[in-house]
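As structure tokens, the structure follows; a few thoughts come after it.
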Amino acid sequence: MNGEKRRELILEMLQSNATPLSGSELAKRLGITRQVIVHDIALLRAANQNILSTHRGYILNNPTRAQRIFKVKHSGDQIADELNAIVDAGGRILDVFIDHKLYGEIKVPLSIASRKAVQEFIDFIATEEASPLSQLTDEFHFHTVEADSEEILDAIEEELKEKGYLVP
């Protein structure tokens with residue numbers, strides 16, 4: 001199979017998955033090396049494909065869905081509750097970012113759309129003994145969230161407000 005056909009297949013796989021696919025998984029499905037996948041992803045991005053890299057793999061960002069940025073604040077032990085509230089209402093957390101006084105905006109892609117993905121993220125934080133980005137800004141941070149409709153985003157906003165996480 002030539003490179004162009006392979007990249008078409010990679011796009012099709014990413015389009016048909018709501019959750020990230022790892023480079024290893026893509027390579028396995030196509031019978032090639034992970035390094036070839038990394039190269040193909042770079043070429044697809046150069047061709048203006050909006051492919052995000054997360055700690056769980058690659059995902060195609062679908063800008064046709066409704067998106068909203070939420071400013072939130074909560075303690076570290078409330079991360080799972082906040083993220084679960086978003087995914088339970090039908091949202092997908094695309095990223096987390098902060099506005100750092102010295103470095104400006106620092107953004108990390110997440111692509112979390114299920115309770116399972118939330119738990120994997122929480123486990124990753126615990127296993128890696130990593131600190132959430134929000135610790136740099138007194139727990140203030142932002143999430144870009146996408147959903148199938150503005151009504152779902154309104155429901156997410158209301159839930160975050162009721163839980164006391166939403167910052168006006």
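Can you work out the base-10 log of I(q)/I(0) for the range 1-53 at q = 0.12, 0.16, 0.21 1/Å, using the Debye formula on its C-alpha atoms alone?
Those come out to -0.21, -0.39, -0.70, one per q.
Could you tell me the calculated FRET efficiency between Ser149 and Asn48, based on Cβ-Cβ distance and R0 = 22 angstrom, to the nearest 0.05?
0.25
Where Rh is the Kirkwood radius over the Cα pairs of the range 103-152, the temperature 37 °C and the viscosity 0.692 mPa s, what D in µm²/s does Stokes-Einstein return?
Answer from the Stokes-Einstein relation: 254 µm²/s.
Under 5 Å between amide hydrogens, which residues at least 5 positions from Ser111 or on another chain qualify, with H placed 1.01 Å from N in the peptide plane?
The answer is Leu94, Asp95.
Using Cα positions and a limit of under 13 Å, work out the aspartates and glutamates in reach of Lys107, with same-chain residues fewer than 8 apart set aside.
Candidates past the 8-residue exclusion: Asp95, Asp99.
Which of (1) 37; (2) 30; (3) 23 is the computed percent of Cα pairs over 25 Å apart for the structure on display?
(1)
Mind listing P(r) for the range 128-168? All alpha-carbon pairs, 10 Å bins, whole percents.
24, 44, 27, 6
List the GluC sites (Glu not before Pro) within the range 129-168 that fall in a DSSP loop (any state other than H, G, I, E or B) and whose Cβ has at most 10 other Cβ atoms within 10 Å.
Listed in order of number, the matching sites are Glu129.
May I ask you to derive the relative contact order of the range 37-166, considering only C-alpha pairs under 8 Å and at least 6 residues apart, and to give it as an integer percent?
Once normalised by length, the contact order is 34 percent.
Using alpha-carbon positions, what is the distance between the centroids of the range 97-157 and the range 1-69, in Å?
Value for the Cα centre distance between the two parts: 22 Å.
Can you compute the radius of gyration and Dmax for the range 26-86, using only the Cα atoms, both in Å?
Rg, Dmax (Cα atoms, Å): 16.4, 44.
Using each residue's phi in the range 105-110, evaluate 6.51 cos²θ - 1.76 cosθ + 1.60 at θ = phi - 60° and report the 3J(HN,Hα) Karplus result to the nearest Hz, with x for Gly and Pro.
6, 10, 10, 10, x, 10
If one computes P(r) from the Cα atoms of the range 81-168, what percent of pairs lie at distances over 22 Å?
Percent of Cα pairs beyond 22 Å in the range 81-168: 26.
Read-outs: derived from the displayed coordinates by stated rules, not from any lab. Note that the coordinates shown come from a computational prediction; the quantities given were computed from them, not determined experimentally. A quick note on method: Cβ atoms are made from the backbone with ideal geometry, for glycine too, and the neighbour counts reach across all protein chains shown.
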